[in-house]
Amino acid sequence: MARYKDEQCRICRREGQKLFLKGTRCYSDKCSIARRNYAPGEHGQRRSKLSEYGTQLREKQKTKSYYGVGEKQFRKYFEMASNKKGVTGENLLQILESRLDNVVYRLGFGTSRAQARQFVTHAQFEVNGKKVNIPSYLVKPGDVITVRENKKDNGTIKINIEETAARPVPEWLEKDIKKLSGKVVRLASREDIDLPIEEHLIVELYSK
């Protein structure tokens, strides 16, 4: 899948808000939004008013950046959300939250979703006792995510747990620090998702 290879902070500046793509750096004085709160490029400081389509497009791009998902996969998730019962926009966010890399991030094992994705790709975690190295794996209620036994001495994960100790774990997850594991109690609801996303704009964009 195509992956954005340029400087991550440029994405935050383009959207005009923190997307927390760089982990702990986003909470420090080094954050680009704190230093240069305008879009990148020669004409970045000339913010023009967006059209209705432009507003919808930026909301979709912002959401893709939050979760590190490409266009093809994002559209697939939208189709899945449309076919489920309930509100399409909320279903979409629920599916995105159910990705294994996002769950690893939410549990505090990674300081960013990008780092959590790397951990999963490198087979650092297992789900219900089985190795899973697919970041897009969708968890289900009752699933138990654990750091693999031969990876529990990973110093980076231990440091991450300390650094993210103050970050609350969502109510739809349970975390066991001693066992380096977490459990999916239920799927995320809209109230559980703390990201400033206006999902109805995405629905409107794809509904045209």
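Which of the trypsin sites (Lys or Arg not before Pro) across region 154-186 are loop residues per DSSP, with 13 or fewer other Cβ within 10 Å?
Answer by residue number: Lys178, Lys179, Arg186.
Using the charge dipole of region 99-187 (Lys, Arg: +1 at Cβ; Asp, Glu: -1 at Cβ; taken about the Cα centre), state which of Asn133, Thr146, Trp172 has its Cα farthest towards the positive end.
Of the listed residues, the answer is Asn133.
In debye, nearest 20, what is the charge dipole magnitude of region 95-173 about its Cα centre with +1 on Lys and Arg Cβ and -1 on Asp and Glu Cβ, if you could check?
Details: 12 positive and 9 negative charges, 41 e Å.
Its charge dipole is roughly 200 debye.
Given bins 5 angstrom wide, list per bin the percent of all Cα-Cα distances in region 99-187, short to long.
3, 16, 31, 29, 17, 3
Show me the trypsin sites (Lys or Arg not before Pro) within region 41-119 that DSSP assigns to loop and that have at most 12 other Cβ atoms within 10 Å of their Cβ. Walk me through the intermediate numbers first.
Numbers: sites: Arg46, Arg47, Lys49, Arg58, Lys60, Lys62, Lys64, Lys72, Arg75, Lys76, Lys84, Lys85, Arg99, Arg106, Arg113, Arg117; in loops: Arg46, Arg47, Lys49, Lys84, Lys85.
The qualifying sites are Arg46, Arg47, Lys49, Lys85.
Of Ser65, Gly54, Gly86, which is farthest towards the positive pole of region 46-101's charge dipole, taken about the Cα centre with +1 and -1 on the beta-carbons of Lys, Arg and Asp, Glu respectively?
It is Gly54, whose Cα lies furthest towards the positive end.
Once label points are set 7 Å from the Cα along Cα→Cβ at both Glu52 and Ile177, what is their separation, rounded to one decimal in nm?
For the pair Glu52/Ile177, the computed spacing is 5.1 nm.
Take Ser189 and Arg167, extend 7 Å from each Cα along the Cα→Cβ direction, and tell me the distance between the two endpoints in nm.
2.4 nm
Here is the link list: Lys60/Lys151; Lys140/Lys208; Lys140/Lys178; Lys151/Lys175; Lys76/Lys179; Lys131/Lys175. Which ones come out longer than 26 Å on Cα distance?
Pairs exceeding the cut-off: Lys60/Lys151; Lys140/Lys208; Lys76/Lys179.
Normalised by the number of residues in region 99-187, what is the relative contact order in percent for Cα pairs under 8 Å and 6+ residues apart?
Worked out over region 99-187, it gives 31 percent.
Coordinate-derived values only; no laboratory data. Just so it is clear, the model here is predicted, and its values are computed rather than measured. Cβ: placed from backbone, ideal geometry, glycine included. Neighbour counts: every protein chain shown.
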